[in-house]
Amino acid sequence: MEKKKKVISKILSIIGGLTVLGVLAVLIFFLIDFFIIQKGIMFQEAYRITSPDGKVDVVGMYYDAGATTSRIEMVYIVPTDHAMTKTDLKLRRCVPVFVAEHIKGKNVCWLRDKLLEIKYETARIKRFRNSIRPLPEDVNYVVEIRQIPLKDTSLPPEYY
């Protein structure tokens, strides 16, 4: 019986040690990604337009990972004067309502309170949300987003 307890104790200590090593490995990879790999990626605020009621801003951010990738534009709707940080984007505290690359002839404008319009000639759209609740303290404040292609085909010529 004593021998069984020793074997079980050894197995549990090995499992515990492997668990600790696994958690440390994940933490190290996260820190390397967050502080080293992501350092070269550029997030740049391109424009900020306040809504007519002054409660929220539409913020256009450019994301560029370097020469082998295309520049991606992300459109966010955030509370007025909210400073967009790399940490907000990395940890997904802010959710983009429009993500696209190869955009030509783009125009972003507020039509009225709670109604945003995104027009473009061509774009390769990766993600689109037609509404969002950007104010955590007011769940009834819903912004509607419309995307409007200005050409018969909205894809850039290289994607036909």
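Considering region 85-119, and only residues there that are closer than 20 Å to GLU137 by Cα and in contact (Cβ under 8 Å) with a residue 40 or more places away in the chain, the residue that is surrounded by the most Cβ atoms within 10 Å (Cβ to Cβ) turns out to be VAL97. Counting only residues that are among the aromatic types (Phe, Trp, Tyr) and at pLDDT 85 or above, region 1-30 holds 0 of them. Taking region 87-100 as the range and being modelled with pLDDT under 90 and more than 10 Å from the chain's Cα centre (by Cα) as the test, only THR87 passes.
Residues that are at pLDDT 75 or above and either within 19 Å of the chain's Cα centre (by Cα) or assigned to a helix (DSSP H, G or I) (or both) within region 31-52 comprise GLN44, GLU45, ALA46, TYR47, ARG48, ILE49, listed in sequence order.
Could you check region 98-149 and list, in sequence order, the residues that are in contact with a Leu (Cβ under 8 Å, 6 or more places away or on another chain), within 20 Å of ARG48 (Cβ to Cβ) and in a loop (DSSP other than H, G, I, E, B)? The one that is in contact with a Leu (Cβ under 8 Å, 6 or more places away or on another chain), within 20 Å of ARG48 (Cβ to Cβ) and in a loop (DSSP other than H, G, I, E, B): TYR141.
The values are calculated or read from the model by the stated rules, or taken from the named source; none is laboratory data. As the structure is a computational prediction, the values presented were derived from the model and not from experiment. Ideal geometry is used to build each Cβ from the backbone, glycine not excepted, and the neighbour counts take in all protein chains shown.
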